[in-house]
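The values are calculated or read from the model by the stated rules, or taken from the named source; none is laboratory data. Remember, predicted model here, so these are calculated numbers, not experimental data. Neighbour counts are summed over all protein chains in view; Cβ atoms, including those assigned to glycine, are modelled from backbone coordinates with ideal geometry.
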Amino acid sequence: MAVILRAPHKLYKQHQPFIESLIAAGSLGALTALVLIKLPVYPQNWAPVLVTLIVLVGLRWPLAAYALAGIALLYPIYSISLYLALLFAAVVIVGHRPFSYYLGATALVLAVPLLAQYNLHWLVPILAGLWWGTANGFWIGGAAALWGKLFFGMAGLSIDWLNMAEQSPTLAAVMQRFNGLNSLETGLKLLHPFAPDATALLYNVLQIALWAAVGGLVGSLAAQKWIHHNHFGATLVISGAGAISLALGEIILANWLVEAAPLSLNYTQMAMGAAGSFAIAATLETFRNALDLPIAPKSKRRRFTAPLFAKQEASPPAQQPAQSKPMPVQLPDLPEWKPPKENNDLILLELD
């Protein structure tokens, strides 16, 4: 089994930057393709070419791939509303540095509405803290909560994360709500789901803050030294802490701000979402850590030439030769001492 897993592990370690860039660029390309399929505004066969170009460029230049994706999506959004296109362009330009640098995190944030359809939206802040640290986990978690609420509100659905699970916002609904509106009406349409009243505004802001806090909490726990003693067990603890913190925070908010919360809480759906997010986050982090480990060396197999069931005769113990007593060594007689002869010769040195 170790020999079978060693080959793909070695391949990953040899091409790790390329594989990670491929995952990030491929995720961005897949999201772009999904929008282009839902809003077919380009001529036939143009969408596959644009998506392929985004992925290929993203392998080497993330900023260029990010810019190409923004340009490719600008025209479909313009077909919905001119003012939405202007807002989209402003966000793309202002956030180009962090969004392109953390291209994988950007794709994860944009995928929140898709994950919410399968009740896996809590996966985002947990993975954000595990993979990108405390500060980045904080901002990624908050951005994911804000983007999910914004997109669901644009589609005319509830923006409460307790009601957003297993709902499917569509671009057709967004087009129907925003087509033909002026700038003021577009702005009011975007903001109204967040603040129909003061209590609802506070509730939505605290939900976004909760996601950000959980992302930062998970990142802070993942940065501790004790995680390296037992990475698998620590990953289970950290992922479970993130899921439980989200669930408890949502329940506390719903029971405190009753006017803005749903009338009844679906605890079964909440438990399934927390369990699914916990399991997937722990699995992905364990797999990532296993890939980061050094490649296991090849083990040398021992070869046994003797037959397995042959009777081996016990060899008699080797007899050590008896040690003889050391013989004394006779030394020659030393000559008698005689005083040295007097030397009357003088050597005179004349120094000029």
key: helices (runs of 4 or more DSSP H) wholly inside the stretch 148-255 containing at least 3 residues that are among the hydroxyl-bearing types (S, T, Y)   = 198-222
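So, in the stretch 140-193, of the ones that are charged (D, E, K, R) and modelled with pLDDT of 90 or more, which residue ends up surrounded by the fewest Cβ atoms within 10 Å (Cβ to Cβ)? Walk me through it before giving the result.
Keep residues of the stretch 140-193 that are charged (D, E, K, R), which gives 149, 160, 166, 177, 185, 189.
When the remaining residues are screened for being modelled with pLDDT of 90 or more, the result is 149, 160, 177, 185, 189.
Values: K149: 22, D160: 20, R177: 16, E185: 13, K189: 18.
For the stretch 140-193, the residue satisfying everything is E185.
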inquiry  = Name the residue that is surrounded by the most Cβ atoms within 10 Å (Cβ to Cβ), counting only residues in the stretch 109-136 that are farther than 13 Å from A213 by Cα and of a type in the set (V, I, T).
reply    = V112
